[in-house]
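Remarks on the structure that follows.
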Amino acid sequence: MSRKRPGILGSLWKALVWAVSAIFHVLYHAVRQLFRWLYSALFAVGRKAGDARKRASRPSGSAGSIPLEQLSSQKGSLAAFEEKVYSATSTIGLVLGARGSGKSALGMRLLENVAAKKTRPVYAMGFEQSALPAWISCTEELGTLPNGAFVLVDEGGIAFSSRQSMSNVNKLLSSLILIARHKDISVLFISQNSANLEINAIRQSDYLLLRKPSLLQMDFERKKIGEIYGRIAAGFEKLPENGQYATYVYSDEFEGFVANQLASFWSQRASKSFSSFKAERQGQREK
């Protein structure tokens, strides 16, 4: 029994349904693409506006050099020490001290003094870029630093410690220290306690900058640094304001107490920005 051919009305109805379906399909994809384009355009505009606000909020001006102020001397020349830090092709330094003792402010002052010489690029790791001037570049990849760079690394803002010796950052850090002199890179570490640092960082260090220790810090420092702290602890108390703003320099070129001026861009906003950034990174590490 043969099927009946659809009538003219049936054919027209099918054609109409197909046409409506095709038009709907085309319109659907066109509207979808339009919304995608609008979203991308608005996102790009927002990102540019955000970048512009960040650039506008960043400290301006050029780097200026202010030497350290000598408070007392045990041996050597402070000028010779500073010349080594700022001009040597490669050095490894450690800044140690209690939380809130001014380690970041000291590190930034030294970084600005290096930048003022305009002989090498300066970098920072563990700091918030929006709080830094344009002449300091933030990085999260130490391995990408150019030859001749000077980098300030804050342990409070990144994830490396002796308890995480197999972390990617720690392996990268250890590798950098071993090859630093081959790439003419100078590194300045900031840490609350030397026990937080890989032993290799201690062995390779050329100088120590010791801020006033916390109550029990000396009991948990690595042996050699604990001995140095034990020898100079009383010296902090003899300085104005109990040595709150003093640093003990331990190096071949100089030993003694010094004071430093703040970096030209340092402000309450910058200080709080650094603190909140480190606290955020610390929270991420503990998760």
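A few notes on this one:
- Mean Cβ neighbour count within 10 Å, used as a protection proxy, ranking 96-104, 29-37, 77-85 highest first: 96-104, 77-85, 29-37
- Backbone amide hydrogens, once placed in the peptide plane, bring Val153 within less than 5 Å of Met125, Leu188, Phe189, Ile190, excluding anything fewer than 5 places away on its chain.
- Once the Cβ-Cβ distance of Ser11 and Phe35 is raised to the sixth power relative to R0 = 45 Å, the FRET efficiency obtained is 0.80.
- Relative packing of 70-76, 245-251, 223-229, 119-125, which averages over residues the other C-beta atoms within 10 Å, highest first: 245-251, 119-125, 223-229, 70-76
- For Thr91, the residues 5 or more places off, or on other chains, whose built amide H falls under 5 Å of its own are Ser186, Val187.
Where a number appears in this text, it was derived from the coordinates with a stated rule and is not lab data. Since we're looking at a predicted model, the values are computed, not measured. Because the Cβ atoms are built from the backbone with ideal geometry, glycine has one as well, and the counts that use them run over all protein chains shown.
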